[in-house]
1. Would you check if Arg20 is part of a helix (DSSP H, G or I), of a type in the set (Lys, Arg) and surrounded by 11 or more Cβ atoms within 10 Å (Cβ to Cβ)?
2. I'd like the full set of residues that are surrounded by 15 or more Cβ atoms within 10 Å (Cβ to Cβ) and over 30 Å from Ser84 (Cβ atoms), limited to region 35-47.
3. Do any residues in region 66-83 that are assigned to a helix (DSSP H, G or I) have Cβ atoms under 6 Å from those of residues that are among the hydrophobic types (A, V, I, L, M, F, W, C) and modelled with pLDDT under 95, where the two are at least six apart or on different chains, and which pairs are they?
4. Given the condition under 17 Å from Leu79 (Cβ atoms), of a type in the set (Gly, Ala, Ser), in contact with a helix residue (DSSP H, G or I) (Cβ under 8 Å, 6 or more places away or on another chain) and touching a residue at least 12 places away in the same chain (Cβ under 8 Å), answer yes or no: does some residue in region 38-61 qualify?
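The values are calculated or read from the model by the stated rules, or taken from the named source; none is laboratory data. These numbers were taken from a predicted model, which means no experiment stands behind them. Please note: Cβ atoms are built from the backbone with ideal geometry, for glycine as well, and neighbour counts cover all protein chains shown.
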Amino acid sequence: MPNQSAALDSTFHALADSTRRAVLARLSRGTASVKELAEPFEMALPSFLQHLNVLEESGLIRSHKVGRVRTCAVNSHGLQAVESWLTGQRKLWEQRLDQLESYLLELQEQHVDETDR
């Protein structure tokens, strides 16, 4: 469980930054070189490369270098842990809300019964 927690922390950290989310959005349309990915951002290349390193270390993207060109792509498996965690959270909260609804309906029925007396 600690490894899974660390992976989630790393992924959420990577997703917390708007630049990194924009890079992921761009890569969801297909692979791109580092140069292509950096073009829309007004920052020095070393700063941009730090963002790519965070994304790659979190497992959200992968890259490979051919000659002098580094190309990046989305790693589809990178979001699986987050998706599983979010699905579990959704189920938990849906269950809690269903329980609350049942309780409120029960209270309402009791109130109606008391007013009928």
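1. On the way: part of a helix (DSSP H, G or I): yes; of a type in the set (Lys, Arg): yes; surrounded by 11 or more Cβ atoms within 10 Å (Cβ to Cβ): yes.
In short, yes.
2. Correct list: Ala38 only.
3. Matching pairs, first to second residue: Ala81/Ala7; Ala81/Leu8.
4. yes
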